[in-house]
Amino acid sequence: MTFSATAAQFEQSAGGTDDFKRLYRDAFALMKSDAENAAIYFVIGVAAHGYVLQYEDQAVTAERAESAKNALVRFCRKAAQALAAPPAERLALLGEIAAEYQFDITDF
């Protein structure tokens, strides 16, 4: 399993709760196999897990689900960019993902 395959699978998914579960499980699994980049996978996994914790047992509007999926797709794209970047740029991109999740995402 690679992050690019995991991210592509999520991006092509319907964006249901099970898709967010798969993303966070895959991201956390990647932490074990690629410890050097564990922080990137952790941030993606935490964001996806946050959505699941918030909405697993309730109905979600199509708009909210699509908005959340778009946010995670954006995070995954930035994470993929970070994985290919030199260390300083990698850290800056990781910081951007973490800050956006913490301060701009209000749905989950």
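Would you report the distance distribution of C-alpha pairs in the chain as whole percents per 5 angstrom bin, up to the bin with the largest distance?
In whole percents, the pair-distance histogram is 2, 13, 26, 26, 19, 9, 3, 1, 0.
Could you give the Stokes-Einstein D for segment 1-48 in µm² per second, using the C-alpha Kirkwood radius, 20 °C, 1.002 mPa s?
For the chosen part, D equals 205 µm²/s.
Relative to the longest principal Cα axis of the chain, at what angle does helix 62-83 sit, 0 to 90 degrees, rounded to 10?
10
Along the charge dipole of the chain, pointing to its positive end and built from +1/-1 on Cβ of Lys, Arg, Asp and Glu, which listed residue (PHE20, GLN81, VAL60) has its Cα farthest out?
The residue sitting most towards the positive pole is GLN81.
On the full set of protein chains, 1.4 Å probe, figure out the accessible area of LEU94 and give it in Å² to the nearest 10.
30
Using the scaling law 2.2 N^0.38 Å as the reference, what is the normalised Cα Rg of segment 59-108?
Taking N as the residue count of segment 59-108, the ratio is 1.29.
The values are calculated or read from the model by the stated rules, or taken from the named source; none is laboratory data. Keep in mind it's a predicted model, so treat the numbers as computed, not measured. Neighbour counts are summed over all protein chains in view; Cβ atoms, including those assigned to glycine, are modelled from backbone coordinates with ideal geometry. Only protein heavy atoms, including side chains, enter the accessible area calculation; ligands, DNA and RNA are left aside. Shrake-Rupley method; radii C 1.70, N 1.55, O 1.52, S 1.80 Å.
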